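Here's the structure we're looking at; comments come further down.
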Amino acid sequence: MTATPTPEMADDRPLFIIGSVRSGTTLTRDLLRRVPDFICPEETHFFRWSEPFRTPHSWQPYRNSALLKTHRAMDGVDEETFASILAQSRTKVELQRRYIAAFARAKGITGPYRWFDKTPQNIYGAALIAQQMPKARFLFMVRNPLNVVASMKLGRQVKVADLFGACNYWLEAAAIYETLRVAYPERVMCLRYEDLVADVPTAMTGILHHMGLPTQPALFHKRDAHGEKNLWLNALSAEEAAQLRDQCDAVAATFGYDLGADLAAAGLAA
């Protein structure tokens, strides 16, 4: 008889998908969920906030966030169970492990499994994750900031009206990634959204290799991708596009983006 998963079983080289919002993390998660015994709950946000765990100001998002309550309902983890998990956990790492185990039980998983978490904003706690979960791996998703900022301006999932606020979502994620990459080069993989949608099978093979998992060629197909729509061409004014270029161009170049060339191709070069 196979043992019921425990928090200890749920910690074999996990993967954290991180980055700026609107960078393809959801598509990546949905593709990885096809891999047998590789499970992922809805976004947890457990490491997003900087408040020390179990201090007075730390409880609010865990207990009261309507979004996270919706995610728990989708995961099959009821509020009574979550309250018990929260009360038992002494650290954010224990909270993550116990939640994954509860999620596995809710899904009827009774054997060994690997797990991953897709919460892009958990990048703000990446250093803590890396130190306290030494087997953890990271997948940093990055996308052309013109389209990231355009998506946030449109507000289909995340609404950020301030151009520079939206830019900072992208820039701060990039800055933290660079620190993480230098500190843990073997544990961090970077994937451009554009490369993912250009060739899904190759990109997914790279992720599985990063995780030490066998390749799954039959699971992924080129048709799984939807091409980049370049929302920025209609969502950003010429002035906004130029301001974004000035703010993000130097960092974007390190990921292979040429924002000046993008604007020039659209007839918006200064």
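The values are calculated or read from the model by the stated rules, or taken from the named source; none is laboratory data. Just so it is clear, the model here is predicted, and its values are computed rather than measured. Positions of Cβ are generated from backbone atoms using ideal geometry, with glycine treated the same way; all protein chains shown enter the neighbour counts.
Just give me the residues in segment 9-61 being among the hydroxyl-bearing types (S, T, Y) and surrounded by 15 or more Cβ atoms within 10 Å (Cβ to Cβ), in sequence order.
Scanning segment 9-61 gives S20, S23, T25, T26, T28, T44, S58.
Report, ordered by the first and then the second residue, all pairs with beta carbons closer than 6 Å, sequence separation of six or more or different chains, a first member in segment 73-87 that is at positive phi, and a second member that is of a type outside the set (V, I, T) and in a helix (DSSP H, G or I).
Final answer for the pair search is G76/A106.
Going by the conditions given, is I100 crowded, with 18+ Cβ neighbours inside 10 Å, in contact (Cβ under 8 Å) with a residue 24 or more places away in the chain and not small (G, A, S)?
Values: crowded, with 18+ Cβ neighbours inside 10 Å: yes; in contact (Cβ under 8 Å) with a residue 24 or more places away in the chain: yes; not small (G, A, S): yes.
Judged against the criteria, I100 is a match.
Would you mind telling me which numbered condition in (1) within 20 Å of the chain's Cα centre (by Cα); (2) at pLDDT below 95; (3) part of a loop (DSSP other than H, G, I, E, B); (4) not small (G, A, S) P185 fails?
Of (1) within 20 Å of the chain's Cα centre (by Cα); (2) at pLDDT below 95; (3) part of a loop (DSSP other than H, G, I, E, B); (4) not small (G, A, S), only one is false for P185: (2).
Quick check on my filter: what residues within segment 103-137 are buried (at least 18 other Cβ atoms within 10 Å of the Cβ), assigned to a helix (DSSP H, G or I) and touching a Pro at 6+ places or on another chain (Cβ under 8 Å)?
Within segment 103-137, F103, A104 meet the criteria.
So if I check each of R22, R90, which one is under 30 Å from N230 (Cβ atoms) and in a loop (DSSP other than H, G, I, E, B)?
R22
Just wondering, is there one or more residues in segment 38-61 that are more than 27 Å from E172 (Cα to Cα) and either outside any helix (DSSP H, G or I) or in contact with an Asp or Glu (Cβ under 8 Å, 6 or more places away or on another chain) (or both)?
yes
Six or more apart or on different chains, Cβ atoms under 6 Å: show the pairs whose first residue is in segment 164-176 and modelled with pLDDT under 95 and whose second is surrounded by fewer than 17 Cβ atoms within 10 Å (Cβ to Cβ).
If the second residue must be surrounded by fewer than 17 Cβ atoms within 10 Å (Cβ to Cβ), no pairs are left.
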